[in-house]
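First up is the structure itself, then whatever we jot down about it.
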Amino acid sequence: MTITGSCFCGSVAYKVEGELRGARSCHCSMCRKAFSAQASAYALVNPKEFSWLSGEELLTSYASSKDAGLMFCSICGSTLCGTYQGNAHGVTLGCVDGDPHIEIGMHIFVGSKAPWETIPEGVIQYEEWPQSNTK
Ligand SMILES: [Zn+2]
Ligand SMILES: [Zn+2]
């Protein structure tokens, strides 16, 4: 399958020639800032299946740690993807166009959620990382 995504102003677009996996929402304080929201909404990609369709020259990035970063549109500010050691690591679900045929499977770092957020009932949630998940 081909999944496409784009930013708010439409200048930057990408495609994923494959499937997204590991969709999660992280409620930690860093993700709240990075996504300007109550939590991240993010899914992993195979870096080999990810490519930019337009606007790559308009991207700017922020290194949130030595290996990990985020790339966003310098015009409208949409966060489009996360990187790991310079390669695409995952995409922000908010910028995916259409139905990527994946649903958020876990809510993580719920223990540090914002005081104003209400977590819906019935979702799989973890105080921090799930035990078996290292990344
Ligand atoms: Zn934009
Ligand atoms: Zn987080």
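The values are calculated or read from the model by the stated rules, or taken from the named source; none is laboratory data. Predicted model only: the values in this text are computed from it and were never measured. Positions of Cβ are generated from backbone atoms using ideal geometry, with glycine treated the same way; all protein chains shown enter the neighbour counts. Remember, those area values only see protein heavy atoms, side chains included, never the ligands or the DNA or RNA. Shrake-Rupley method; radii C 1.70, N 1.55, O 1.52, S 1.80 Å.
Structure above, values below:
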read-out	value
Residue satisfying condition, being of a type in the set (A, V, I, L, M) and surrounded by 15 or more Cβ atoms within 10 Å (Cβ to Cβ), within set ALA114, ALA63, ALA43	ALA43
Any hit, region 86-105, residues being part of a loop (DSSP other than H, G, I, E, B) and polar (S, T, N, Q)	no
Test result for GLY77, crowded, with 16+ Cβ neighbours inside 10 Å and among the small types (Gly, Ala, Ser)	no
Members of region 11-65 found to be of a type in the set (Gly, Ala, Ser) and not in a loop (DSSP other than H, G, I, E, B), listed by number	ALA13, GLY22, ALA23, SER25, SER29, ALA34, ALA43, SER51, SER54, SER61, ALA63
Pair list, Cβ < 6 Å and 6+ apart or interchain, from region 13-26 residues that are farther than 13 Å from ILE124 by Cβ and within 16 Å of ligand 1 (Cβ to nearest atom) to residues that are open to solvent by less than 10 Å² (accessible area, probe 1.4 Å) and modelled with pLDDT of 95 or more	TYR14/GLY5
Residue count for region 1-29, restricted to those that are within 16 Å of ligand 2 (Cβ to nearest atom) and within 14 Å of THR79 (Cα to Cα)	0
